[in-house]
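As structure tokens, the structure follows; a few thoughts come after it.
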């Protein structure tokens with residue numbers, strides 16, 4: 001049976017970004033930039049005052065105070081008209097261009113006006129050239145790279161691009177991810193289950209996971225365990241970039257998903273991974289045009305689907321979104337409690353990971369197995385246990401993987 | 001001058017959640033639940049098979065193999081009709097209800113059919129009662145709390161609520177946050193600045209920050225430094241739950257924001273905080289109906305606005321969203337390089353924080369001060385330096401604050 005790493009490598013081999021699209025900068029938050037952007041100008045574009053005060057020649061200042069003639073007032077957005085010569089000063093506001101001749105700005109708090117605003121008394125004994133101003137091009141020169149291709153665009157990157165007038169950017173589009181739950185036992189979440197039935201929690205869960213990665217969920221409801229219905233829903237799902245099915249991939253008599261996917265032209269890449277929960281995972285590809293569509297047959301048990309999404313689907317979606325980093329990223333955390341683990345498969349155990357000043361800590365949820373969604377409330381990741389019996393003491397280090405990031 | 005902690009306390013004192021609203025579960029991702037939800041049923045709602053195989057009486061199994069009569073086949077969603085008595089077995093699929101009488105499930109891989117499907121040979125020598133099944137109510141009992149009030153709803157919480165049929169939830173609504181940049185020097189980001197002008201990067205930046213917190217940005221463009229224009233835009237901005245202005249709060253002759261806000265009925269709570277960058281921060285409240293509107297006059301320099309947002313606005317928005325945790329959360333990280341710091345104000349320095357197996361590490365950006373947006377590209381947080389000269393060596397611990405979370 002494939003290992004987790006082997007399965008992931010096979011998935012990522014098929015996951016390729018789509019052609020970039022042009023998008024308004026303001027709509028590109030948390031997208032990945034497809035082409036580097038260079039500055040169109042120096043930043044700042046002119047020598048600029050960083051304080052409200054007076055633009056002076058630093059060498060003019062004398063201990064005990066200096067009287068200077070005020071020749072002009074320059075507010076932000078206005079171009080200074082007059083040269084500052086020795087004995088003169090220009091009243092200047094934060095963000096305004098420095099007048100020619102001046103080489104320092106004295107804060108208004110270090111000055112005094114004695115009735116006539118055409119004369120200022122500088123109280124400071126001295127000033128350094130360059131004080132309280134920033135020279136043109138200090139932050140960035142015209143032609144330099146502002147944001148590299150492949151960068152995730154967050155507030156700082158959007159702001160830096162906005163400053164350079166880059167109001168449209170080339171980004172990788174968000175993949176559309178169809179979600180189809182299969183199983184005669186499923187009813188919609190607003191229904192009252194009859195005996196033997198359960199609600200389709202997987203659709204809500206997978207759509208939320210998809211959204212948290214930054215992709216677009218396309219919920220397709222429930223398909224009965226019946227070939228013609230399943231075939232029709234699979235066709236609908238293959239209109240998306242990625243199709244996630246849940247259920248119907250085990251060894252049961254009604255596990256029709258692999259055969260119906262293959263009938264729809266989806267080539268199986270693998271079936272079954274040496275992992276717990278999630279062993280029945282199926283993965284295949286529909287070769288169409290230039291770009292393959294990815295199809296995941298997730299196990300029906302909700303926590304199996306949840307874990308398989310984080311281990312396998314999320315890295316694939318991140319790759320489609322243009323993120324190049326290796327995923328999922330395994331970190332080390334210290335167990336808050338002792339734990340005895342024993343399983344012959346690598347096990348991913350829902351857990352609450354917390355940042356402490358001594359690194360990450362992790363508490364295992366009181367988890368009853370792959371059908372136990374309730375115990376995942378509050379979990380934000382999982383511990384990766386090796387396929388062997390281990391007795392862990394509180395404080396022992398374990399490998400953890402964080403789930404899709406969230407505000408927290 | 002107020003300290004950062006004092007200013008934040010005054011802000012949070014005014015930040016109150018709005019009345020909860022009813023929302024479809026699927027649209028409530030990353031909202032905070034306003035009222036606890038209890039389970040409407042046991043989870044699972046019936047004793048359930050966790051494997052494809054045969055439901056048997058464990059005590060029937062004998063070393064060397066056991067032949068049992070197959071009396072029924074139960075797939076998921078179907079209710080078993082027949083009692084399993086000694087010598088009998090029911091073919092059962094993952095997720096199907098356990099038939100009465102049976103107390104264990106034997107995996108299909110541990111069985112053999114010898115031609116006639118009405119008889120199965122169990123190869124396992126023995127079985128434990130409870131094996132490969134989960135008992136009704138193991139995960140959750142009817143009436144128990146599924147998700148507590150005040151919980152941020154992520155994929156696991158939505159899934160747990162979906163299982164319990166909670167297709168509508170009471171959540172706190174997202175605040176609408178108006179963004180108004182002020183200043184004669186500003187032009188829209190798609191414009192070519194004339195001499196002395198710069199582009200309005202603050203709107204793009206603040207809208208992205210607002211969105212990353214989970215609130216709704218309402219961009220209002222640029223207001224000139226002119227009283228009647230500013231007054232009209234402020235009135236428009238006060239239609240939102242929160243109004244952020246940038247610029248016009250320093251000591252300059254055109255810094256009209258505080259006086260125009262007060263003319264619009266906004267009561268000043270404080271002006272100026274002992275912080276760098278961000279000293280000119282202005283905060284006030286418009287008392288209206290039952291709930292106050294919060295108004296922040298952010299400094300015009302972009303990194304001052306960015307830092308003030310993370311230090312003061314983000315915690316307020318999180319409070320409005322119903323998140324009760326203390327913010328911003330200060331963590332400890334180790335500097336990757338030596339650094340010499342000296343300032344008489346507490347300084348928040350843009351930085352890249354990274355998770356390592358030995359805790360957090362932090363690299364300072366090559367930052368040129370409050371107007372230097374370009375160096376914040378790649379930053380995801382800031383180091384809080386104390387108001388005193390300190391020589392830091394590489395590896396020294398410093399206090400850090402992470403910015404609005406993101407997928408990364």
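The values are calculated or read from the model by the stated rules, or taken from the named source; none is laboratory data. This structure is a prediction, so every number in the text was calculated from the model and none was measured. Backbone-built Cβ (ideal geometry, glycine too); neighbour counts: all protein chains shown.
Tell me, please, whether a residue that is part of a loop (DSSP other than H, G, I, E, B), closer than 21 Å to residue B:152 by Cβ and within 11 Å of chain B (Cβ to nearest Cβ) can be found in the range A:331-338.
Taking every residue of the range A:331-338 in turn, none turns out to be part of a loop (DSSP other than H, G, I, E, B), closer than 21 Å to residue B:152 by Cβ and within 11 Å of chain B (Cβ to nearest Cβ).
May I ask you to list the residues in the range B:26-75 that are under 35 Å from the mean Cα position of the chain (by Cα) and within 21 Å of residue B:110 (Cα to Cα)?
B:48, B:50
Considering only the range A:339-368, how many residues are more than 22 Å from residue B:402 (Cα to Cα) and within 11 Å of chain B (Cβ to nearest Cβ)?
5
For residues that are within 14 Å of chain A (Cβ to nearest Cβ) and out of contact with any helix residue (DSSP H, G or I) (no Cβ under 6 Å at 6 or more places or on another chain), tally how many sit in the range B:259-280.
Summing the residues that are within 14 Å of chain A (Cβ to nearest Cβ) and out of contact with any helix residue (DSSP H, G or I) (no Cβ under 6 Å at 6 or more places or on another chain) in the range B:259-280 gives 4.
Taking residue B:38, is it over 25 Å from residue B:141 (Cα atoms) and surrounded by fewer than 18 Cβ atoms within 10 Å (Cβ to Cβ)?
no
Right, residue B:248: within 14 Å of another protein chain (Cβ to nearest Cβ), in contact with a strand residue (DSSP E or B) (Cβ under 6 Å, 6 or more places away or on another chain) and at pLDDT below 95 or not?
For residue B:248, the condition - within 14 Å of another protein chain (Cβ to nearest Cβ), in contact with a strand residue (DSSP E or B) (Cβ under 6 Å, 6 or more places away or on another chain) and at pLDDT below 95 - is met.
Are any residues in the range B:92-111 farther than 21 Å from residue B:137 by Cα and either surrounded by fewer than 23 Cβ atoms within 10 Å (Cβ to Cβ) or at pLDDT below 95 (or both), and if so, which ones?
Answer for the range B:92-111, where residues must be farther than 21 Å from residue B:137 by Cα and either surrounded by fewer than 23 Cβ atoms within 10 Å (Cβ to Cβ) or at pLDDT below 95 (or both): B:107, B:108, B:109, B:110, B:111.
Can you say whether residue B:296 is part of a strand (DSSP E or B) and not assigned by TED's automatic domain parsing to the domain that holds residue B:202, as far as the supplied structure shows?
So residue B:296 does not fit the description; no.
Consider residue A:131 against the criteria (1) more than 30 Å from residue A:39 (Cα to Cα); (2) touching a strand residue (DSSP E or B) at 6+ places or on another chain (Cβ under 6 Å); (3) surrounded by fewer than 20 Cβ atoms within 10 Å (Cβ to Cβ): it satisfies all of them except one. Which criterion is unmet?
(1)
Quick one: would you say residue B:264 is at pLDDT 95 or above, within 17 Å of residue B:182 (Cβ to Cβ) and over 30 Å from the mean Cα position of the chain (by Cα)?
Here the answer is yes, as residue B:264 does meet what is asked.
Return yes when residue A:120 is more than 17 Å from residue B:202 (Cβ to Cβ) and at the interface with another protein chain (Cβ under 9 Å from one of its Cβ atoms) and no when it is not. Quick ask: steps written out before the conclusion?
Numbers: more than 17 Å from residue B:202 (Cβ to Cβ): yes; at the interface with another protein chain (Cβ under 9 Å from one of its Cβ atoms): no.
The answer is no for residue A:120.
Could you check residue A:379 against (1) over 17 Å from residue A:310 (Cα atoms); (2) part of a loop (DSSP other than H, G, I, E, B); (3) within 14 Å of chain B (Cβ to nearest Cβ) and say which number it fails?
(1)
Tell me, yes or no, whether the range A:393-404 has at least one residue that is over 29 Å from residue A:217 (Cβ atoms), at pLDDT below 95 and surrounded by fewer than 21 Cβ atoms within 10 Å (Cβ to Cβ).
Checking the range A:393-404: not a single residue is over 29 Å from residue A:217 (Cβ atoms), at pLDDT below 95 and surrounded by fewer than 21 Cβ atoms within 10 Å (Cβ to Cβ).
Please pick out the residue among A:137, A:143, A:115, A:130 that is more than 8 Å from chain B (Cβ to nearest Cβ), at pLDDT below 95 and either more than 30 Å from residue B:94 (Cα to Cα) or out of contact with any helix residue (DSSP H, G or I) (no Cβ under 8 Å at 6 or more places or on another chain) (or both).
Selected residue: A:115, the only one of A:137, A:143, A:115, A:130 that is more than 8 Å from chain B (Cβ to nearest Cβ), at pLDDT below 95 and either more than 30 Å from residue B:94 (Cα to Cα) or out of contact with any helix residue (DSSP H, G or I) (no Cβ under 8 Å at 6 or more places or on another chain) (or both).
Mind telling me which of the residues A:292, A:324 ends up being closer than 30 Å to residue A:170 by Cβ and within 13 Å of another protein chain (Cβ to nearest Cβ)? Working first, answer last.
Details: A:292 fails: within 13 Å of another protein chain (Cβ to nearest Cβ).
Just a single option satisfies the conditions, and that option is A:324.
Which of the residues spanning the range A:215-232 are in a loop (DSSP other than H, G, I, E, B) and surrounded by fewer than 21 Cβ atoms within 10 Å (Cβ to Cβ)?
Scanning the range A:215-232 gives A:224, A:226.
Please count how many residues of the range B:153-186 are part of a strand (DSSP E or B), at the interface with another protein chain (Cβ under 9 Å from one of its Cβ atoms) and surrounded by fewer than 22 Cβ atoms within 10 Å (Cβ to Cβ).
First, pick out the residues of the range B:153-186 that are part of a strand (DSSP E or B): B:168-171, B:176-182, B:186.
Then drop every residue that is not at the interface with another protein chain (Cβ under 9 Å from one of its Cβ atoms), which leaves B:168, B:186.
If we keep only those that are surrounded by fewer than 22 Cβ atoms within 10 Å (Cβ to Cβ) as well, we get B:168.
The total comes to 1.
Do we have any residue at all in the range B:72-86 that's surrounded by fewer than 21 Cβ atoms within 10 Å (Cβ to Cβ), modelled with pLDDT of 95 or more, touching a strand residue (DSSP E or B) at 6+ places or on another chain (Cβ under 6 Å) and farther than 21 Å from residue A:184 by Cβ?
no
Could you grab me the full set of residues in the range B:279-307 that are surrounded by fewer than 23 Cβ atoms within 10 Å (Cβ to Cβ) and either in contact with a strand residue (DSSP E or B) (Cβ under 6 Å, 6 or more places away or on another chain) or more than 16 Å from residue B:346 (Cα to Cα) (or both)?
B:285, B:286, B:287, B:288, B:289, B:290, B:291, B:292, B:293
Which one of these does residue B:265 not meet: (1) crowded, with 24+ Cβ neighbours inside 10 Å; (2) touching a strand residue (DSSP E or B) at 6+ places or on another chain (Cβ under 6 Å); (3) part of a loop (DSSP other than H, G, I, E, B)?
(1)
Against the definition (part of a strand (DSSP E or B) and either surrounded by fewer than 21 Cβ atoms within 10 Å (Cβ to Cβ) or without any contact (Cβ under 8 Å) to a residue 60 or more places away in the chain (or both)), how does residue A:352 come out, yes or no?
Yes; evaluated as a whole, the condition is true for this residue.
So which residues in the range A:308-333 are surrounded by fewer than 18 Cβ atoms within 10 Å (Cβ to Cβ) and in contact with a strand residue (DSSP E or B) (Cβ under 6 Å, 6 or more places away or on another chain), if there are any at all?
Scanning the range A:308-333 gives A:330, A:332.
Does residue B:300 count as at pLDDT below 95 and under 25 Å from residue B:367 (Cα atoms)?
yes
Does residue A:211 meet the test of being buried (at least 24 other Cβ atoms within 10 Å of the Cβ), outside the structural domain of residue A:37 (by TED's automatic domain parsing) and free of Cβ contacts under 8 Å to residues at least 24 places away in the same chain? Walk me through it before giving the result.
On the way: buried (at least 24 other Cβ atoms within 10 Å of the Cβ): no; outside the structural domain of residue A:37 (by TED's automatic domain parsing): yes; free of Cβ contacts under 8 Å to residues at least 24 places away in the same chain: yes.
No, not satisfied.
Out of the range B:2-25, which residues are surrounded by 13 or more Cβ atoms within 10 Å (Cβ to Cβ), within 17 Å of residue B:152 (Cα to Cα) and modelled with pLDDT of 95 or more?
B:20, B:21, B:23, B:25
Filter the range A:13-27 down to residues that are in a helix (DSSP H, G or I) and touching a residue at least 40 places away in the same chain (Cβ under 8 Å) and give me whichever is nearest to residue A:241 (Cα to Cα).
Top of the filtered list is A:14.
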